[in-house]
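K.L.:
Quick one: structure below, then a few questions.
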Amino acid sequence: MTLFKTEKLILERGRLPVVSYFQMFADTLFGFFALYLLTKVLGKTQMSQLSAFDFVSAVIMGELVGNALFDDNASILEIGYILFLWGGLLYITEIISQKFKGTRALLEGSPAIVIQNGKMIRDIMKKSKLDVNQLQHLLRSKDIFSVREVEYAILETNGTLSVLKKSDYQTPNRKDMKLAPQDVKLSVGLINDGEIIYDNLTEKNLTEEWLMEELQKQGFDSVKDVFYAEYLRDEELLVLPFVNQGHRRYHR
């Protein structure tokens, strides 16, 4: 039963008894925690790096729960049975694909080389339902505005494009320039939307007093005037004020 039909049924019957609201609350609460548990068990591929099969599975799972929640005749046990039956099938499918490598191409698909040695592979693109305009769009998302820059391009199972540029267009690194290696530093945000992120402050062994001193050095009297502040060891604190579209500061 769809949500529209449920609302129509409510209007036809008039006001629902209090027991029905408690039942709806219990069903919704159960469905929420059951879905949360399933996403944890099934792994991150259900939320990111979605293949076509993962996407369809997630949609069907949500549809099953939604229909069950708005079905007057469905109990919590029935909702749980349907949900965990479908989740169990997905889990078994995942185990099979991990244990038997030959099933991965069937269940998850396989990457497709759409550009090889600088040339578009037309039959692979046709098989992948990818036209030239779509390929150019995917390349632009990688900051590549000409096909001549590409040596290899691989269409991944989740629809993203992995690109290997030709050597003339690759960015040189420190090793290529024979420079001495440097320590890699990870920046952290200390202020976000006018509020101090105390966990990050503690992680970097910094104090609120030190932070306020750094803000005052850059002309900020209050944390509430700072939109974002980023800390990087041995570098000046990056402080960004609240700025409107006209690039002028404004006070909240």
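The values are calculated or read from the model by the stated rules, or taken from the named source; none is laboratory data. This structure is a prediction, so every number in the text was calculated from the model and none was measured. Note that each Cβ is placed from the backbone with ideal geometry, even for glycine, and that neighbours are counted across all protein chains shown.
K.L.:
Does the range 130-160 hold any residues that are more than 20 Å from the chain's Cα centre (by Cα), polar (S, T, N, Q) and closer than 27 Å to Leu106 by Cα, and which are they?
P.N.:
Within the range 130-160, Gln134 is the sole residue that qualifies.
K.L.:
If I ask for residues that are part of a loop (DSSP other than H, G, I, E, B) and over 12 Å from Gly118 (Cα atoms), which ones from the range 133-162 would you list?
P.N.:
Residues of the range 133-162 that are part of a loop (DSSP other than H, G, I, E, B), as a first pass: 141-146, 156-160.
Within the range 133-162, Ser141, Lys142, Asp143, Ile144, Phe145, Glu156, Thr157, Asn158, Gly159, Thr160 qualify.
K.L.:
To continue, here is another question. If you take the residues in the range 83-98 that are more than 17 Å from Val59 (Cβ to Cβ) and surrounded by fewer than 17 Cβ atoms within 10 Å (Cβ to Cβ), which one is modelled with the lowest pLDDT?
P.N.:
Top of the filtered list is Gln98.
K.L.:
A further question follows. Given the criteria in contact (Cβ under 8 Å) with a residue 24 or more places away in the chain and more than 29 Å from Ile113 (Cα to Cα), does Lys166 qualify?
P.N.:
Judged against the criteria, Lys166 is not a match.
K.L.:
Kindly provide the set of residues from the range 106-128 that are over 19 Å from Ala58 (Cα atoms) and within 24 Å of the chain's Cα centre (by Cα), ordered by number.
P.N.:
Residues of the range 106-128 that are over 19 Å from Ala58 (Cα atoms), as a first pass: 110-128.
Matches in the range 106-128: Ser110, Pro111, Ala112, Ser128.
K.L.:
I want to confirm something. Restricting to the range 163-177 and keeping residues that are assigned to a loop (DSSP other than H, G, I, E, B) and surrounded by 10 or more Cβ atoms within 10 Å (Cβ to Cβ), which single residue is farthest from the chain's Cα centre (by Cα)? Quick ask: steps written out before the conclusion?
P.N.:
Taking the range 163-177 first, the residues assigned to a loop (DSSP other than H, G, I, E, B) are 166, 170-177.
Narrowing the set further to residues that are surrounded by 10 or more Cβ atoms within 10 Å (Cβ to Cβ) leaves 166, 170, 174.
On the way: Lys166: 30, Gln170: 28, Arg174: 31 Å.
Taking the candidates together, the pick is Arg174.
K.L.:
Then there's this: Name, by its number, the condition in (1) out of contact with any Lys or Arg (no Cβ under 9 Å at 6 or more places or on another chain); (2) modelled with pLDDT under 90; (3) in a loop (DSSP other than H, G, I, E, B) that does not hold for Ala180.
P.N.:
Ala180 satisfies every listed condition except (1).
K.L.:
Then there's this: In this structure, does Val114 turn out to be surrounded by 13 or more Cβ atoms within 10 Å (Cβ to Cβ), touching a Gly at 6+ places or on another chain (Cβ under 9 Å), modelled with pLDDT of 85 or more and not charged (D, E, K, R)? Can you show your working first?
P.N.:
Values: surrounded by 13 or more Cβ atoms within 10 Å (Cβ to Cβ): yes; touching a Gly at 6+ places or on another chain (Cβ under 9 Å): no; modelled with pLDDT of 85 or more: yes; not charged (D, E, K, R): yes.
No, not satisfied.
K.L.:
I'd like the full set of residues that are under 27 Å from the mean Cα position of the chain (by Cα) and at pLDDT 90 or above, limited to the range 227-238. Quick ask: steps written out before the conclusion?
P.N.:
Keep residues of the range 227-238 that are under 27 Å from the mean Cα position of the chain (by Cα), which gives 227-232, 238.
Listed by number, the residues that qualify are Tyr228, Ala229, Glu230, Tyr231, Leu232, Leu238.
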